[in-house]
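Novice: If you scroll down you'll find the structure; I have some questions about it.
The values are calculated or read from the model by the stated rules, or taken from the named source; none is laboratory data. Here the structure is a predicted model, which means the values were calculated and not measured. Glycine also receives a Cβ, built like all others from the backbone with ideal geometry; neighbour counts cover every protein chain displayed. The area values use the complete protein model at the heavy-atom level, side chains included, leaving out ligands, DNA and RNA. Shrake-Rupley method; radii C 1.70, N 1.55, O 1.52, S 1.80 Å.
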Amino acid sequence: MKSIAFFNNKGGVGKTTLACNLSAYLSLRMDKRILIIDADPQCNSTQILFDDEQSEKIYSENRFTISTIIKPLSIGKGYSKNLEPTNSSRFGVDVIPGDPRLALTEDLLAIDWGQAISGSTRGLRTTFLFSELLSRCSHYDYVIFDMGPSLGSINRSILIATDFFLTPVSTDIFSVKAMENISTWLQKWQTQLQSGLEQNEEPEDLELPSTAIKLAFAGYVTQHYTAKRFLGGERQAVKAFDKIIKQLPAAVTSLTQRQGAAPKNINYNLGGIPNLHSLLPLSQISRKPIFELSGKDGVVGAHFTKINEYEGTIKAIANNLLDNLEALS
């Protein structure tokens, strides 16, 4: 099992759409076993993966959500031993749904982080809660975290636990700066946590399979740009967006340097997805992956060509991602 965080501390980059559709492609077209964990208090993935009736049942029947994972720790009962995801049949994935109450745990995780970096056993146990969760997900091929756009305590605990992170970026200067911020904070967190682990006097009480921080950058996907078809049939970003896209490799360098010796010739540019226009709301309304949309979902005319192009794009991104995960493992 490999865990991947879809993360950018800038909002509006299409992170949730990419996470859900790429996960669906890995499952429906590549026969991978996928678990999506909606770790954003806004619950955007949950809203895409389930229709209104299913969502109502999840919360009215108090089904297993991300809040279920954290609640036992918040009241001093230790780690939850249950794992009861809900299946999203149209996307072909299992899901630990999001929960708006997750935002209320931000303070708990922030307080316990202060204790963790001082060597407190309780603080370290809380900080590694997603590491413990992932130790119970070995029957999946990939666990995907959809995260909110922040560098807060929830996202810190997720990034500490995961194997890789993928960064969706919109083609604007703010996305370039956000990638530089990620590198700075990851290095700081790793240094602080290592200090806390060294100070801890009760390592046998942590009850964790591992406290190693193994996070590696898996690549980025450019989105939200306008493209046109040039001579020869190749689609490329128009000049204004292409100028921003060309700045991304330098920003990536600051991320990859912290990994040490990365494999030679690895390509961190996983691919690009131009503006989807009306395909995106059609997908959201039908609760189906974009590449699965049909005439019954309101697709007409040129939309069919766009869907075929999208499937080719998401296929290339999936293959590039899996190649990078293999090279970095």
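Novice: Residues that are surrounded by fewer than 24 Cβ atoms within 10 Å (Cβ to Cβ) and basic (K, R): does the range 33-43 have at least one?
Specialist: yes
Novice: Being touching a strand residue (DSSP E or B) at 6+ places or on another chain (Cβ under 9 Å) and among the basic types (K, R) is the requirement here; does R63 meet it? Even if it seems obvious, please write down each step before you answer.
Specialist: Numbers: touching a strand residue (DSSP E or B) at 6+ places or on another chain (Cβ under 9 Å): yes; among the basic types (K, R): yes.
Here the answer is yes, as R63 does meet what is asked.
Novice: Taking the range 20-32 as the region of interest, how many residues are surrounded by 18 or more Cβ atoms within 10 Å (Cβ to Cβ) and either of a type outside the set (S, T, N, Q) or in contact with a strand residue (DSSP E or B) (Cβ under 6 Å, 6 or more places away or on another chain) (or both)? So that I can check it myself, show each step before the final result.
Specialist: Of all residues in the range 20-32, those surrounded by 18 or more Cβ atoms within 10 Å (Cβ to Cβ) come to 20-27.
Of the ones still in play, those that are also either of a type outside the set (S, T, N, Q) or in contact with a strand residue (DSSP E or B) (Cβ under 6 Å, 6 or more places away or on another chain) (or both) are 20, 22-27.
Total meeting the criteria: 7.
Novice: Given (1) under 20 Å from D51 (Cβ atoms); (2) open to solvent by 80 Å² or more (accessible area, probe 1.4 Å), where does S88 come up short, assuming only one miss?
Specialist: Of the numbered conditions (1) under 20 Å from D51 (Cβ atoms); (2) open to solvent by 80 Å² or more (accessible area, probe 1.4 Å), the odd one out for S88 is (2).
Novice: Just to be sure I understand the filter: pairs with C-beta atoms under 7 Å, separated by 6 or more residues or on different chains, first member in the range 50-79 and at positive phi and open to solvent by less than 60 Å² (accessible area, probe 1.4 Å), second member assigned to a helix (DSSP H, G or I) and of a type outside the set (S, T, N, Q). Which pairs pass?
Specialist: G78/P72
Novice: Among (1) part of a helix (DSSP H, G or I); (2) under 21 Å from S89 (Cα atoms); (3) not acidic (D, E), there is one condition F304 misses while meeting the rest; what is its number?
Specialist: Unmet condition: (2).
So that you can scan it fast, the table gives a plain yes or no per residue for (1) touching a residue at least 60 places away in the same chain (Cβ under 8 Å); (2) of a type in the set (A, V, I, L, M, F, W, C); (3) not in a helix (DSSP H, G or I):
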residue: L104; (1), (2), (3): no, yes, no
residue: G114; (1), (2), (3): no, no, no
residue: I144; (1), (2), (3): yes, yes, yes
residue: L151; (1), (2), (3): yes, yes, yes
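Novice: Mind checking which strands (runs of 3 or more DSSP E) fall wholly inside the range 157-265 and carry at least 2 residues that are loosely packed, with under 13 Cβ neighbours inside 10 Å and modelled with pLDDT under 70? Full working, then the answer.
Specialist: On the way: elements: 164-170, 216-225, 227-229, 235-237.
In the range 157-265, the matching strands (runs of 3 or more DSSP E) lie at 227-229.
Novice: Kindly indicate whether S23 is closer than 19 Å to E106 by Cβ, within 12 Å of the chain's Cα centre (by Cα) and part of a helix (DSSP H, G or I). Can you show your working first?
Specialist: Working: closer than 19 Å to E106 by Cβ: no; within 12 Å of the chain's Cα centre (by Cα): yes; part of a helix (DSSP H, G or I): yes.
For S23, the condition - closer than 19 Å to E106 by Cβ, within 12 Å of the chain's Cα centre (by Cα) and part of a helix (DSSP H, G or I) - is not met.
Novice: Given the conditions (1) small (G, A, S); (2) at pLDDT 80 or above; (3) open to solvent by 20 Å² or more (accessible area, probe 1.4 Å); (4) in a helix (DSSP H, G or I), and given that S138 satisfies all but one, which numbered condition is not satisfied?
Specialist: It fails just one condition, (4).
Novice: Here's something else I'd like to know. Any residue that is at pLDDT 65 or above, under 25 Å from T16 (Cα atoms), in a helix (DSSP H, G or I) and among the β-branched types (V, I, T) - is there at least one of those in the range 273-282?
Specialist: We begin by selecting, within the range 273-282, every residue at pLDDT 65 or above; these are 273-282.
Remaining after also requiring under 25 Å from T16 (Cα atoms): 273-282.
Right, trim to in a helix (DSSP H, G or I) and you get 279-282.
Filter once more, so that each one left must be among the β-branched types (V, I, T): none.
Checking the range 273-282: not a single residue is at pLDDT 65 or above, under 25 Å from T16 (Cα atoms), in a helix (DSSP H, G or I) and among the β-branched types (V, I, T).
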